[in-house]
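The values are calculated or read from the model by the stated rules, or taken from the named source; none is laboratory data. Every value quoted in this text rests on a predicted model; they were computed, and no experiment measured them. Note that we place each Cβ from the backbone using ideal geometry, even for glycine, and neighbour counts take in every protein chain shown. In case anyone asks, the SASA skips ligands and DNA or RNA and just uses the protein heavy atoms, side chains included. Shrake-Rupley method; radii C 1.70, N 1.55, O 1.52, S 1.80 Å.
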Amino acid sequence: MQLVDAIREELRKRKGRRARGGALERALADKLRVSAFEVREALGQLVQEGAVSGQWHPQIGFTGMVDIHLSPLEEGPQKAWTEAMRNAGMADDDIKSLKPCAAVLEGLTPSEMTRLASGLLALRERQAQHNGERRYRVSARYLLGSSKALDHLPSSALCTFGIDMERFPKAPAYIMVAGPKSPHQVILVENPQAFEEGVKARLEDTAWIATQGYGLARNGDAFGRQLVRLVEDDDLVPLVRAGSPPSLEQLLSHDRLFFWGDLDPAGLDIFMRLKKQLPKLQLSGIYRIMLKRLQNHCGHPLVLLTGKDGQTACSASGLPQELVQSCSALGLDQEIITSSEIASHAGKVW
């Protein structure tokens with residue numbers, strides 16, 4: 001390989017697109033084990049090609065900063081993904097649009113990447129035929145048999161490529177409900193396990209709502225975050241756990257609507273986020289029992305062991321300061337509350 005070609009490749013490997021002239025010459029000379037004079041001659045050719053630019057003097061080289069105009073060298077998944085897209089017959093503009101997808105393709109073989117690229121081409125061509133079809137079904141049909149692939153690829157890249165994601169609605173969100181036909185009160189519950197305890201309390205005047213939990217992460221405040229997303233979502237499917245509760249719309253618009261979750265910063269944050277969507281929402285009186293337990297040193301630290309690491313004190317206005325202060329350093333999970341305690345406090349307001 002000629003020296004100018006070797007230097008061109010080294011410049012393409014550089015992460016930065018600018019460098020100091022003198023330092024660049026020395027680095028290239030050391031790397032390629034040639035003299036600075038030889039490097040300078042080769043750089044002169046690259047200046048003429050337009051590959052590099054700056055204050056260039058043939059006798060002394062660059063006197064200031066050097067701008068590198070060569071495209072960076074692709075490595076690892078990015079290189080394999082580009083080759084796969086070419087193998088699938090994609091045009092250069094399409095390859096450029098989908099390059100960001102490489103970030104989520106680690107672990108795929110070159111042949112699997114080619115199949116993925118071919119699937120994206122086919123989906124773009126036939127997307128009108130699947131208008132209104134659930135996203136997970138479209139994904140499984142075109143993208144390696146995976147129902148999740150379409151959601152995991154960067155949506156901005158897919159949009160630039162020409163796939164209209166709005167055509168394909170997401171999977172419906174499921175939420176559990178229980179209670180009588182005409183409840184006196186409705187309680188939104190952060191965790192499905194606590195929801196089950198509420199059902200066991202057999203309160204004939206109370207309806208319960210919680211995320212259904214199956215397939216969701218079972219750590220920390222994942223259920224609560226899911227509950228917020230479900231309430232914010234327009235595509236909700238209620239699953240009746242017990243009784244014959246009214247429609248979800250009626251439950252969420254009930255005048256006596258309460259929230260009961262963990263007594264920790266994340267739990268209070270979930271309440272505040274839900275309240276933005278549900279202005280009638282109040283804290284359940286069950287929190288009074290939890291506060292007493294916490295004040296009697298029954299709580300746990302906000303650490304990795306308890307799934308609460310990273311939680312910081314809640315500072316939102318509109319929250320009872322007793323609760324905010326009590327859980328600034330400790331937390332208490334709602335699963336500690338028994339069905340009999342739920343029965344005695346479910347109808348009370350904080």
Would you tally the residues in the stretch 289-316 being closer than 12 Å to L332 by Cα and either touching a residue at least 12 places away in the same chain (Cβ under 8 Å) or touching a Pro at 6+ places or on another chain (Cβ under 8 Å) (or both)? 14
Say whether the condition of being surrounded by fewer than 16 Cβ atoms within 10 Å (Cβ to Cβ) and in a helix (DSSP H, G or I) is met by at least one residue in the stretch 169-189. no
Which condition breaks for Q295 when tested against (1) in contact with a Ser or Thr (Cβ under 7 Å, 6 or more places away or on another chain); (2) over 21 Å from E196 (Cα atoms); (3) open to solvent by less than 10 Å² (accessible area, probe 1.4 Å)? (3)
Selection within the stretch 118-138 - assigned to a helix (DSSP H, G or I), among the charged types (D, E, K, R) and touching a Lys or Arg at 6+ places or on another chain (Cβ under 9 Å): R135
Flagged in the stretch 249-280 as open to solvent by less than 10 Å² (accessible area, probe 1.4 Å) and more than 27 Å from the chain's Cα centre (by Cα), in numbering order, are L251, L257, F258
I need a count of the residues in the stretch 330-350 that are of a type outside the set (D, E) and either under 14 Å from A266 (Cβ atoms) or within 27 Å of the chain's Cα centre (by Cα) (or both). 4
Only one of S71, S53 is surrounded by fewer than 17 Cβ atoms within 10 Å (Cβ to Cβ), over 30 Å from H152 (Cα atoms) and either out of contact with any Lys or Arg (no Cβ under 8 Å at 6 or more places or on another chain) or among the polar types (S, T, N, Q) (or both), namely S53
In the stretch 128-142, how many residues are touching a helix residue (DSSP H, G or I) at 6+ places or on another chain (Cβ under 6 Å) and open to solvent by less than 50 Å² (accessible area, probe 1.4 Å)? 5
Expected output for the stretch 232-256 (first residue on the phi > 0 side of the Ramachandran plot, partner surrounded by 12 or more Cβ atoms within 10 Å (Cβ to Cβ) and modelled with pLDDT of 90 or more, Cβ below 7 Å, 6+ apart or cross-chain) is G243/A178; G243/G179; G243/P180
Can you tell me which residue is farthest from V324 (Cα to Cα) among those in the stretch 255-298 that are assigned to a loop (DSSP other than H, G, I, E, B) and in contact with a Lys or Arg (Cβ under 7 Å, 6 or more places away or on another chain)? D255
Specify the residue that is most open to solvent (accessible area, probe 1.4 Å); the eligible residues are those in the stretch 1-45 that are of a type in the set (K, R) and assigned to a strand (DSSP E or B). R20
Every pair of residues 6+ apart whose Cβ atoms lie under 6 Å, when the first sits in the stretch 96-120 and is touching a residue at least 60 places away in the same chain (Cβ under 8 Å) and surrounded by 16 or more Cβ atoms within 10 Å (Cβ to Cβ) while the second is aromatic (F, W, Y) and not in a loop (DSSP other than H, G, I, E, B): S97/F161; L98/F161
